[in-house]
Amino acid sequence: MCLGIPGRIVEVWDESGTRMAHVAFPGETRKVCLAYLPDLAVDDYTMVHAGFALTRLDRQSALHTLDVMREYELIDDTAAGHLTEVGEIEEREEERKAEAKRGFRETAETAEARRSGEAWETGGVGKTGGMR
């Protein structure tokens, strides 16, 4: 899996002296080598490249990244996989509501500017989500 999609570790074991894991991504689970990050555990989030866990992600960053990917219709994980805890969807909805109350709402105008790329020219968040 080389798409920069956060995955959640659902199982960890040793295989011939190497730590391995099953990592749930939107819609599928993959076998991943934890050789570079052997202290990762069940329920940790990670980014995987070429079958190796390379980066540890905190839960909030991972879920935010997945939300943005869903918003842009890059992923659809409603069928299976990623959200394995019953209350996790409700927790994420509560987090979104809390962010909205703190003023992190996107207006229709800024959403359109972001989609068209104008935000990049004006110094806001660009198409890739990075800051200028």
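Rule-based calculations on the coordinates, nothing more; no lab input. Predicted model only: the values in this text are computed from it and were never measured. Glycine gets a Cβ as well: all are built from the backbone with ideal geometry, and neighbour counts include every protein chain shown.
Quick rundown of the values:
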| item | result |
| --- | --- |
| Debye equation applied to the C-alpha atoms of region 7-83, log10 I(q)/I(0) at 0.12 Å⁻¹ | -0.31 |
| Packing-based exposure ordering (other Cβ within 10 Å, fewest first) of THR29, THR18, THR46 | THR18, THR29, THR46 |
| Likely footprinting exposure, ARG56, ARG8, fewest C-beta neighbours within 10 Å first | ARG56, ARG8 |
| Ranked list, fewest to most other Cβ atoms within 10 Å of each Cβ, for TYR36, TYR45 | TYR36, TYR45 |
